[in-house]
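Down below is the structure, laid out as structure tokens.
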């Protein structure tokens, strides 16, 4: 924990001093979850990527204004949310989901907070998935990222349904234990359980 804190202090110092490696570090740390968060509102991946890039540019222009990584993360989420509101307001024709998000964005913070947590959980889970053994990783991604059924995966990979279920159970246990060891909060662990059971 102490090493992680020192690491954060070093990156913040580099960021304050205008070192582009520090910008790359924070981009790598937050961009995936920000794109997920932004794309949930826009339903337009290219526009979501564009907004996230612009928000990082804004962040970089103000690099001397930030004291902690939490400040950076908050600035990025708020900037992305505001940019999404502006973009959705500018559309002549909106999908039903986009209309729904405009109402959520205007009415309250709960939905935004839920989406931030979901984006964070997805980012954490993605890192953990990449640490799984190869076969388990493939099955887990097919189940939870691609949304395929157990029987479809079994047929596609030439495995029994029971093997797929066993691999899924092992993967969930490995990820839960890893999150626990890393000191991930109970709230985020619950969010992970919700993610795998939805």
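Just so you know, all these numbers are worked out from the coordinates, no wet-lab data involved. Computed from a prediction, not measured in an experiment: that's the story for all the values here. Cβ: placed from backbone, ideal geometry, glycine included. Neighbour counts: every protein chain shown.
Yes/no per residue for (1) within 27 Å of residue 85 (Cβ to Cβ); (2) out of contact with any helix residue (DSSP H, G or I) (no Cβ under 9 Å at 6 or more places or on another chain); (3) free of Cβ contacts under 8 Å to residues at least 60 places away in the same chain:
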| site | (1), (2), (3) |
| --- | --- |
| 9 | no, yes, yes |
| 22 | no, no, yes |
| 26 | yes, no, yes |
| 35 | yes, no, yes |
| 42 | yes, no, yes |
| 48 | yes, no, yes |
| 53 | yes, no, yes |
| 57 | yes, yes, yes |
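Would you point out the residue of the range 59-88, among those that are more than 20 Å from the chain's Cα centre (by Cα) and closer than 18 Å to residue 37 by Cβ, that is surrounded by the most Cβ atoms within 10 Å (Cβ to Cβ)? Once the filter is applied, the top-ranked residue is 88.
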